[in-house]
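Read-outs throughout are calculated quantities, based only on the coordinates presented, and are distinct from any laboratory measurement. Given the structure is predicted, the values throughout are model-derived calculations rather than measurements. So basically every Cβ, Gly included, is an ideal-geometry build from the backbone, and we count neighbours across all protein chains shown.
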Amino acid sequence: MDVKSVGVIGAGQMGNGIAHVLALAEYDVLLNDISQEALNGAMATIQANLERQATRGKIADNDVQTALDRITTTLQLPDLGKTDLVIEAATERETVKQAIFEDLLPHLQPHTILTSNTSSISITRLASRTDRPERFMGFHFMNPVPVMQLVELIRGIATDEETFSACKAVVDKLGKTAASAEDFPAFIVNRILMPMINEAVYTLYEGVGNVQSIDQSMKLGANHPMGPLELADFIGLDTCLAIMNVLHDGLADTKYRPCPLLTKYVEAGWLGRKTERGFYDYRGEVPVPTR
């Protein structure tokens, strides 16, 4: 199957990045959200990011407008039914994703492939609630999408080879690398990354080190580009907690128990960069550790 048009559900940080790279790769993109404000913000972000790429010589100047012209926005979810491939990038809550697919199903073409950008939720379970489990799979981009080179492709138990091949061809056309993952909680990247972040929060919780010393230790001692607490703020502490809960519930192993301090930060609404407070306070000119 040759994918020519792609629908992207959700115009947030992940959705606008996905639309950005798809448009640059010459796909026709239909970007959907429930908020016109979110769609306007997404298009402004995409334009700014494209212009930054052009300034740095990553793309040609005329690629900016050409890519923008390939993206159409819509508040109407049924409009995405005419696309060849749908990538859902809504909130990391299974009930929300299920409701989106349920509303979209009556409007899809028979050949349309459904995918989810979920970072941890069971692809098999999401697929089972649709009319096309064989044409459903996980399509997990890394954040920030225009920069990160990896895409996890996750087969559900029913995903057929034609669907996998079509999605792999899209990843190849984007100039990214596909990693094939099996459908187990949090897949590959987050199965390894999130317990490390959770352990860093435990290290803070138990007073082994403060925010600054923990991040500095991993940057200078393990050559990580970002410290684990800084990275958690970038990802969103609510997302980190949600993935840890999926791991804990899905694998029933106490080593995946979310740190109580991570839960406390989320309860406080201190979710990281997007709320201007997490393990760092971002309201000033320079981020300041909160512990």
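Report, ordered by chain and residue number, the lysines lying within cross-link reach of residue 219, taken as a straight Cα distance under 23 Å and ignoring same-chain residues fewer than 8 apart.
Hits, sequence-local ones excluded: 274.
Would you tally the net charge around residue 111, using a Cβ to Cβ cut-off of less than 14 Å, leaving residue 111 out, and scoring K and R as +1, D and E as -1?
-2
When you count, for each residue, the other Cβ atoms within 10 Å and take the mean per peptide, how do 16-29, 130-143, 182-195 rank with the highest first?
Details: 16-29: 23.1, 130-143: 20.8, 182-195: 18.1.
Listed from highest to lowest mean packing, they are 16-29, 130-143, 182-195.
What order do you get for 257-266, 218-227 when each peptide is scored by the mean count of other beta carbon atoms within 10 Å, highest first?
257-266, 218-227
Give the distance, in whole Å, between the Cα centre of the range 145-200 and the Cα centre of the range 11-73.
After rounding, the separation between the Cα centres reads 22 Å.
Given a Förster radius of 25 Å and the C-beta distance between residue 35 and residue 268 as r, what FRET efficiency does 1/(1 + (r/R0)^6) yield to the nearest 0.05?
Calculated transfer efficiency: 0.50.
Taking neighbour counts of Cβ atoms within 10 Å as a proxy for exposure, in what order, fewest first, do 201, 147 appear? Don't skip to the end; give the middle numbers.
On the way: 201 26, 147 12.
Arranged by neighbour count, lowest to highest, 201, 147 become 147, 201.
Measure up 97/173; 4/255; 58/97; 82/176; 173/264 against 32 Å on the Cα-Cα distance and list the ones that go over.
4/255; 58/97; 173/264
Quote the FRET efficiency, to the nearest 0.05, computed for residue 249 versus residue 288 with a Förster distance R0 of 22 Å and r equal to the Cβ-Cβ distance.
0.05
Quick one: helix 189-205 against the long Cα principal axis of the chain, what's the angle to the nearest 10°, folded into 0 to 90?
The angle comes out near 30 degrees.
With no solvent and one equal point scatterer per Cα, compute the Debye intensity ratio I(q)/I(0) for the chain at 0.07, 0.16 Å⁻¹ and report its log10, rounded to two decimals.
So the normalised log intensities work out to -0.27, -1.33.
What shape does the range 1-80 have by the C-alpha gyration tensor, where a ≥ b ≥ c are the square roots of the eigenvalues, rounded means a/c under 1.5, and otherwise prolate means a/b greater than b/c and oblate the rest?
Oblate shape, in that a/c is at least 1.5 and b/c is the bigger or equal ratio.
Report the percentage of all Cα-Cα pairs in the range 116-252 whose separation exceeds 19 Å, rounded to a whole percent.
56 percent
For the range 5-181, give me the percentage of DSSP beta bridges that are antiparallel, rounded to the nearest 5 percent.
Here the share of antiparallel DSSP bridges comes out near 15 percent.
Which of rounded, prolate or oblate describes the range 190-289 when judged by the alpha-carbon gyration tensor and an a/c cut-off of 1.5?
Working: a/c = 1.81, a/b = 1.30, b/c = 1.39.
Oblate.
Expressed as an acute angle from 0 to 90° and rounded to the nearest 10, what is the orientation of the C-alpha long axis of helix 237-251 relative to the principal long axis of the chain?
Between helix and principal axis, roughly 80 degrees.
Can you sort 172, 238 by how many other beta carbons sit within 10 Å, fewest first?
Lowest count first: 172, 238.
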